[in-house]
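One structure is given below, encoded as structure tokens.
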Amino acid sequence: MSSYYSASANKPQSFQALAGDQNADICVIGAGYTGISSALHLAERGYKVIVIEAETVGFGASGRNGGHVGIGQRQDQQYLEDKFGHEIASTLWYMGLEAVDTVKELIQKHRIKCDLKHGNVHFAHRAKYTHELEEEVAFLHDHYGFDQMEYVPKERLSEVINSDAYHGAVVDRASKHLHPLNFLLGMVEAATKAGVVIYENSRVISYGDAPNGRQVAVKTTQGQVTANEMILACNGYIEKLEPKINGYIMPINNFVLATEPLSDELAAQIAPLDTSMSDSRFVINYWKLSGDNRLIFGGGENYRRGFPSDIKGFVRKYMLQVYPQLADTNIDYGWGGTLAITLNRLPHFGRVQDNIWYMQGYSGHGVPTATFAGKLIAEAISGKLERFDLMANLPTTKFPGGTLLRWPGMVTGMLYYALRDRI
């Protein structure tokens, strides 16, 4: 199941498996955005960091996602104001903007070649949702002075898409999009230059207090890392490694295709502004053009733990609902991956104990939020806890039924919302 991203990846580094005993200031478990950004930001502050990855760098959602770099949080700003009050909501808003800027700054600083482009368009798939989009633009303008969003009514939609599938849209000029795997590989290169040591194909089987009682010992089948601090950066791939936090997230599968390269004329019809795009469905469709004019389209839902046998065909039917003119276009790649959502769609940060930290549950907003999480954890471990603690203090709820029953509960809920998307 080859992805377009892996086929078009910049030359990746390869890393040996952990063997024997190693020591570090910080041990990070997981080599996706969370883990690598954490390692990079910590190494730049002078810490000795070791990253342990069960598979290979970018194996999980960081190497498989839609490549959207959206502003804000996964919940809209009015929800955050109503839930937490203006002070916390405004802090979250500006942190969301900073998260996108962090991605951009890392790309510029480390000269990462990852097809960075600008802007996102969000569409109302039902007429009844257009009012919500207009309200969002007005709210952000009136309460935050944010002027980089514009509501586009149905009669002007040809400016942003050549499709009859939608009823209105918001153009967001502050968001960005990119080649997600190449962005990660660029951070990996920067991290190793900063002194980070990475081990691949080294699944952690257990961890606990070191014999001295002050450090943590992280064990794989062939080696061990003893460190002052440990960061769990596994997200949807954490499985049973840490039961204390596993029940707060739901790993779900997502599916993406990539077409053959489109002509310049057809690409201009598909995405006149060359932005990323998404819609208002609960089971969201999201898409963008790649650097070589392929349509990267993600969408659809399934209610099994496994992937569809024909991912290309599975996603293609959703693509054709938006772009019927692509009926004769070849689909070159189809792939899937696992991300983690939380019940309230806000990220889940915290500590298992004083020297064991975690960040997870980005709920489809992972490129900016997970990258920014690495910046926050570096601040926190260096003694400046305020912003990490704000995120950690956001209310979180375990999925009903725990890890055993959360899956059937999620299936029931997704079936309901999938039905609602169609009416």
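The values are calculated or read from the model by the stated rules, or taken from the named source; none is laboratory data. As the structure is a prediction and not an experimental result, all values here were calculated from the model. All Cβ positions, even for glycine, are placed from backbone atoms using ideal geometry, and neighbour counts span all protein chains on display.
Within the range 1-26, count every residue that is among the polar types (S, T, N, Q), out of contact with any strand residue (DSSP E or B) (no Cβ under 6 Å at 6 or more places or on another chain) and assigned to a loop (DSSP other than H, G, I, E, B).
6
Would you confirm whether or not the range 79-88 contains a residue that is surrounded by 15 or more Cβ atoms within 10 Å (Cβ to Cβ), farther than 24 Å from PHE255 by Cβ, out of contact with any helix residue (DSSP H, G or I) (no Cβ under 9 Å at 6 or more places or on another chain) and among the hydrophobic types (A, V, I, L, M, F, W, C)? Please lay out each step first, then the result.
Step one: filter the range 79-88 for residues surrounded by 15 or more Cβ atoms within 10 Å (Cβ to Cβ), giving 79-81, 84, 88.
Those still in the list that are farther than 24 Å from PHE255 by Cβ too: 79-81, 84, 88.
Checking the rest, the ones that are also out of contact with any helix residue (DSSP H, G or I) (no Cβ under 9 Å at 6 or more places or on another chain) come to none.
No, every residue in the range 79-88 fails to be surrounded by 15 or more Cβ atoms within 10 Å (Cβ to Cβ), farther than 24 Å from PHE255 by Cβ, out of contact with any helix residue (DSSP H, G or I) (no Cβ under 9 Å at 6 or more places or on another chain) and among the hydrophobic types (A, V, I, L, M, F, W, C).
Give just the number: which of (1) part of a loop (DSSP other than H, G, I, E, B); (2) in contact with a helix residue (DSSP H, G or I) (Cβ under 6 Å, 6 or more places away or on another chain) does SER37 not satisfy?
(1)
Among the residues of the range 176-196, is any surrounded by fewer than 17 Cβ atoms within 10 Å (Cβ to Cβ), at pLDDT below 95 and of a type in the set (Gly, Ala, Ser)?
Going through the range 176-196, the residues surrounded by fewer than 17 Cβ atoms within 10 Å (Cβ to Cβ) turn out to be 193, 195.
When the remaining residues are screened for being at pLDDT below 95, the result is none.
Within the range 176-196, none of the residues are surrounded by fewer than 17 Cβ atoms within 10 Å (Cβ to Cβ), at pLDDT below 95 and of a type in the set (Gly, Ala, Ser).
Only residues in the range 260-281 that are within 22 Å of ALA127 (Cα to Cα) count as the first member; pair them with residues that are aromatic (Phe, Trp, Tyr) and part of a loop (DSSP other than H, G, I, E, B), Cβ under 8 angstrom, at least 6 apart or cross-chain, and list the lot.
Correct list of pairs: ILE270/TYR323; ASP279/TYR166.
Looking at the range 218-239, which of its residues are in contact (Cβ under 8 Å) with a residue 40 or more places away in the chain, out of contact with any Leu (no Cβ under 9 Å at 6 or more places or on another chain) and outside any strand (DSSP E or B)?
Hits for the range 218-239 are ALA233, TYR237.
Taking the conditions exactly as written (modelled with pLDDT of 95 or more and under 30 Å from GLY186 (Cα atoms)), does VAL137 satisfy them or not? Lay out the reasoning, then the answer.
On the way: modelled with pLDDT of 95 or more: yes; under 30 Å from GLY186 (Cα atoms): no.
Judged against the criteria, VAL137 is not a match.
Out of all the residues in the range 252-264, which are out of contact with any Phe, Trp or Tyr (no Cβ under 7 Å at 6 or more places or on another chain) and at pLDDT 95 or above?
Initially, the range 252-264 is screened for residues out of contact with any Phe, Trp or Tyr (no Cβ under 7 Å at 6 or more places or on another chain), giving 252, 254, 259-264.
Of everything in the range 252-264, those that are out of contact with any Phe, Trp or Tyr (no Cβ under 7 Å at 6 or more places or on another chain) and at pLDDT 95 or above turn out to be THR259, GLU260, PRO261, LEU262, SER263, ASP264.
For the range 75-119, how many residues are assigned to a loop (DSSP other than H, G, I, E, B) and within 21 Å of GLY361 (Cβ to Cβ)? Spell out the reasoning first.
So the first thing to find is which residues in the range 75-119 are assigned to a loop (DSSP other than H, G, I, E, B), and the list is 75-76, 85, 110-116.
Right, trim to within 21 Å of GLY361 (Cβ to Cβ) and you get 75-76.
Adding up the residues that qualify gives 2.
Does the range 332-348 include one or more residues that are more than 24 Å from VAL283 (Cα to Cα) and touching a residue at least 12 places away in the same chain (Cβ under 8 Å)?
Just the residues of the range 332-348 that are more than 24 Å from VAL283 (Cα to Cα), to begin with: none.
Within the range 332-348 (the criterion being more than 24 Å from VAL283 (Cα to Cα) and touching a residue at least 12 places away in the same chain (Cβ under 8 Å)), the answer is no, since none of the residues qualifies.
Could you list, in sequence order, all residues of the range 140-169 that are in contact with a helix residue (DSSP H, G or I) (Cβ under 7 Å, 6 or more places away or on another chain), surrounded by 12 or more Cβ atoms within 10 Å (Cβ to Cβ) and assigned to a loop (DSSP other than H, G, I, E, B)?
PHE146, ASN162, SER163, ALA165, TYR166, HIS167
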